[in-house]
Amino acid sequence: MKSKATVALSALALASTLAGAQQGVSKTEITLGSIQDLSGPIAGFGKQARLGMLLRVDEINEQGGIHGRKIDLRVEEDAYVPQRSVQAVKKLIDVDKVFALLGTSGSSHLLAMMPTIEENQIPAINFAAVAGAHFNPPHKTVFNIGATYCQEINGVLKHLITARKLQGAKFAIIYQDDDYGADVKCGYDMALKSMGLKSTIEVPFKRGAKDFSAEVLAVQRAGATFVLTGGIISETATMLKEIQKNGMNVVRLAPHPSHLAPVIALAGSAAEGLLVADYVPPITDTDTQGIGRLNALAYKYLSADDVKAMNRYSLTGIVAAQLMESALTACGRALTRACVVQKLEQTKNFTSDGIMAPLTFGPNIRQSGTRPILLKANTATGKFERASDFLSDK
């Protein structure tokens, strides 16, 4: 027979487990956390992602919450520094007592936070910067929506080669000499190899570079007719202006961090016709049902300045909020972290009314929404336009 002490300890352990599993859940509220870059070098990403999440949270709360519980979203800033991301997630878990995470900052930041997330078995949705290490091998409680840079460039470049008959083009890439640049180059290499083509020249640059005259001159001297500009915002704009200044008539493609209005504003006429690989349409594409609905919510809940500032990260933010909402709703009132992870894993063809390709997860499948889309810059309107439907991710 078990001693009374043993029974008491077992009961205490069970109570602790149950209490831990439901941290962040009360009779009236569910506390969620998010880590975003709100004042760092790319604060426009985090601020606008926060807007997208809050739009759905505000609507949920106005409608009475999820099974009677309102959502309290706590956003911690990491200033785009991985160590601060670790501090932020620990505060959210240990001090704010969050139930789950909605948004985990940048690629290296999530990797830095992963041990803490796994130790506490926190359900988490990553929608900002997806990298292979986030899902391969799979991490049980972390779900990633969107393509890696490698996946989106691979899909879009193969589409362009076929659709525009670029088999005879001379391909060049100017890429950042770090993990981000390596992932962009991965897609470039993969697409050319699969199409039986060769790269003409590959030119790296150091992170933080301001002058791209030497890099652009190198691809011009190599006779490039297609250039993949692997920058983010200012780097892409500077490369485009240098290409224009040199009188180069080339097809230009960029990864999705360049899908932002400041790129067009900084580059001016040099941005005309720039192609961008992404996995969400332009936020101005209100013919897409989900984006039309998002804009209606924005005018209802946000200031005029915030509505104007919304960008692609607002789109991925609201999709992530909708996905988390679906799992929370499916678990009913008996809400536990294990249930949310299970419901996310069972997600099949989750639609966002066209904002992203349908999302599907499964056992050991922790990434979805990888079908890319092609966009094109229109400098007359200062906006990006849809240039394709969702493409194959194979």
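The values are calculated or read from the model by the stated rules, or taken from the named source; none is laboratory data. Note that this is a predicted model, so its numbers are computed, not measured. Positions of Cβ are backbone-derived with ideal geometry, glycine not excepted, and every protein chain shown enters the neighbour counts. All accessible areas refer to the heavy atoms of the entire protein, side chains included, with ligands and DNA or RNA removed. Shrake-Rupley method; radii C 1.70, N 1.55, O 1.52, S 1.80 Å.
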Against the longest principal axis of the chain, how steep is helix 289-301, in degrees 0 to 90 to the nearest 10, with axes from Cα atoms? 70 degrees
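Could you size up the charge dipole of the chain around its Cα centre, putting +1 on the beta carbon of Lys and Arg and -1 on that of Asp and Glu, and report it in debye to the nearest 20? Provide the component values of the computation, followed by the final result.
Values: 42 positive and 36 negative charges, 126 e Å.
Computed about the Cα centre, the dipole is about 600 debye.
If each residue of separation counts as 0.36 nm, what is the full-extension length gain between Ala304 and Asp178 once their alpha-carbon separation is subtracted? Present the calculation step by step, with values, prior to reporting the outcome.
Working: separation 126, 0.36 × 126 = 45.36 nm, distance 3.74 nm.
Taking Ala304 through Asp178 to full extension adds about 41.6 nm, to one decimal.
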Amide H contacts of Asp72 (H built 1.01 Å from N, under 5 Å, at least 5 apart or other chain): Ile30, Thr31, Leu32
Inter-site label distance for Gln121 and Ser194 at 7 Å from Cα along Cβ, in nm: 3.8 nm
Order of exposure, largest accessible area first, which applies to Asp78, Asp189 with probe 1.4 Å: Asp189, Asp78
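Please figure out what share of the DSSP beta bridges in the chain is antiparallel and state it in percent, rounded to the nearest 5. Numbers along the way, then the final one.
Details: 12 of 46 bridges.
The antiparallel proportion sits near 25 percent.
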Going out from 0 in 20 Å bins, what whole percent of all Cα-Cα distances in the chain drops into each bin? 28, 54, 16, 2, 0
Using amide H atoms built in the peptide plane, which far-off residues or other-chain residues are under 5 Å from Leu274 H to H? Ala377
What FRET efficiency would be calculated for the residue pair Glu62, Lys376, taking the C-beta separation as r and a Förster radius of 30 Å, to the nearest 0.05? 0.25
Helix axis angle, 149-163 relative to the chain longest principal axis, alpha carbon, degrees: 40 degrees
Let me know the shape class of the stretch 118-236, please: from the alpha-carbon gyration tensor, a ≥ b ≥ c as square roots of the eigenvalues, rounded when a/c is under 1.5, otherwise prolate if a/b is greater than b/c, or oblate. oblate
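When the helices in the chain are scored as -39500 (n - 2.57) per DSSP H run of 4 or longer and the sum is shared across all residues, what 222 nm value do you end up with, to the nearest 500 deg cm²/dmol?
Details: 13 runs with 172 residues, N = 394.
Calculated at 222 nm, the ellipticity per residue is -14000 deg cm²/dmol.
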According to a simple spin-label model (label point 7 Å from Cα along Cα-to-Cβ), what is the distance in nm between Ala214 and Leu111? 2.7 nm
What nm distance separates the two modelled labels at Ala338 and Asp287, each placed 7 Å from Cα along Cα→Cβ? 4.9 nm
Mind pulling the angle between the C-alpha long axis of helix 4-21 and the longest principal axis of the chain? Nearest 10 degrees, somewhere in 0 to 90. 30 degrees
Once you have the Cα-Cα distance between Thr360 and Arg221, take 0.36 nm times their residue separation minus that, and quote the gain in nm to one decimal. 45.5 nm
